[in-house]
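The values are calculated or read from the model by the stated rules, or taken from the named source; none is laboratory data. Bear in mind that the values here come from a model prediction, so they are computed numbers and not experimental data. Cβ coordinates were reconstructed from backbone atoms using ideal geometry, including for glycine residues, and neighbour counts include every protein chain displayed. The area values use the complete protein model at the heavy-atom level, side chains included, leaving out ligands, DNA and RNA. Shrake-Rupley method; radii C 1.70, N 1.55, O 1.52, S 1.80 Å.
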Amino acid sequence: MKDPQHDSSGSIQQPSLFVPPVDEAPVGHGGASGGRPMPVAIPALTAGSTLGACAVPYRLYLERTDHSKYTVTCFLSDLRMLTDFLDRQTPLRTITQSHLGRWLTHLKHDRGVPAAPKTMARRVTFLKNFFGWLADERLIAADPTVNIALSRPTPPLPELLFDGEVALLEQAAAADVRCHLLVTLLLATGLKKEEIGRLKLEHVDLSDPQHPAIEVHFPGQAKRRRERRMELPAAWTPLYERYVAKYRPREHVFECTDRNLNYILAAAVKRAGLTKRVTLQLLRDVYAVRQLRAGVASDALREKLGLSEEAWHESAEKYHKLAFPA
């Protein structure tokens, strides 16, 4: 391993795990590049590759599959810690369940600060994702995480609104056409907060006023499988037309920040006299529970909610408990 490099201030600069060192990058010969380093071709992984060679290929895999930016950041951080613990020169084919168990024990007990159960659960999820990818690519003979149990902490269940409370909220929301549109949209589609913020005028289809619909789109390729079309009640059409006439949005349906959307909802909650904590996420939860109680299958609900299979594992139990309490 190379010796750490020192900058002019004397502090140590470790070689990056994710970016090839400059002295290993091919350099252009004059021309437009001006002698700057040219893009580095990432060598393909093989059965003889080391753990340290996986960082960039794994990042590319995560980015082209159904993973959020947050997940990509967390998993790459976990890979960096695993690489530091095992050594970047460790051949992939030599990594066993015992190695991974020691790493998890180190993270949980040997770092001075106890790791939160949720964080440990995420790191096990990372291990299963990373080594599952290596196994699928046939870079390792067997997945060493098969017998590692994934135990997720159970978060407290949210306090849902009763049907009567939902009716009060809808009545209170009707005092403001923008709030009415927002609440109706959430209760009819269960969109995520970020999906509401990205919803554009061109994604609203009123070609059949009795069956209005919206389309959920994502930039880039990574989340294309979460794109979907969702129908709304017929009453949404005149409501939307009144909203557009009053607020005149130019590109996005709601041309305001997430914080503004929370304020708009909070004002309706206050007018309704509700004492429960009502958020955009809670209305999404109400939608999911109503769908289950109406007989919608789990796989169909997962698609309606725009969740990956990985994310659905964390949500399915919560929604079933809320919909059908023991």
R0 = 22 Å: FRET efficiency of residue 320 with residue 231, Cβ-based, nearest 0.05?
-> 0.35
Give the ranking of 284, 102 by solvent-accessible surface, highest area first, calculated with a 1.4 Å probe.
-> 102, 284
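As a quick test, which of the pairs 69/321; 276/318; 192/246; 276/321 have an alpha carbon distance above 22 angstrom in this structure?
Values: 69/321 29 Å; 276/318 19 Å; 192/246 25 Å; 276/321 19 Å.
Listed pairs above 22 Å: 69/321; 192/246.
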Mind checking Rg over Rh on the stretch 95-209, alpha carbons, Kirkwood formula for Rh?
-> 1.22
Restricting to aspartates and glutamates and to Cα separations under 19 Å from residue 270, and discarding same-chain partners fewer than 8 apart, the set is 159, 163, 165, 170, 176, 258
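For every other residue with a beta carbon closer than 14 angstrom to the beta carbon of residue 159, add +1 if it is Lys or Arg and -1 if Asp or Glu, then tell me the sum.
Values: positive: 276, 277, 318, 321; negative: 165, 285.
Overall, the nearby charge balance is +2.
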Once the Cβ-Cβ distance between residue 260 and residue 202 is put in as r, and R0 is 25 Å, what FRET efficiency do you end up with, to the nearest 0.05?
-> 0.70
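Any chance you could run the full-extension gain for residue 281 through residue 138? It's 0.36 nm times the residue separation minus the Cα-Cα distance, nm to one decimal.
47.5 nm
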Any chance you could look up the accessible area of residue 318 with a 1.4 Å probe, heavy atoms only, rounded to 10 Å²?
-> 50 Å²
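Report the FRET efficiency, 1/(1 + (r/R0)^6), for residue 245 and residue 218, where r is their Cβ-Cβ distance and R0 is 22 Å, rounded to 0.05. If you can, show how the numbers build up before the last one.
Working: r = 29 Å, r/R0 = 1.32.
Efficiency, from the Cβ-Cβ distance: 0.15.
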At a probe size of 1.4 Å, how large is the accessible area of residue 282, to the nearest 10 Å²?
-> 10 Å²
Surrounding net charge for residue 246, when Lys and Arg each add one and Asp and Glu each subtract one, Cβ distance under 12 Å = +1
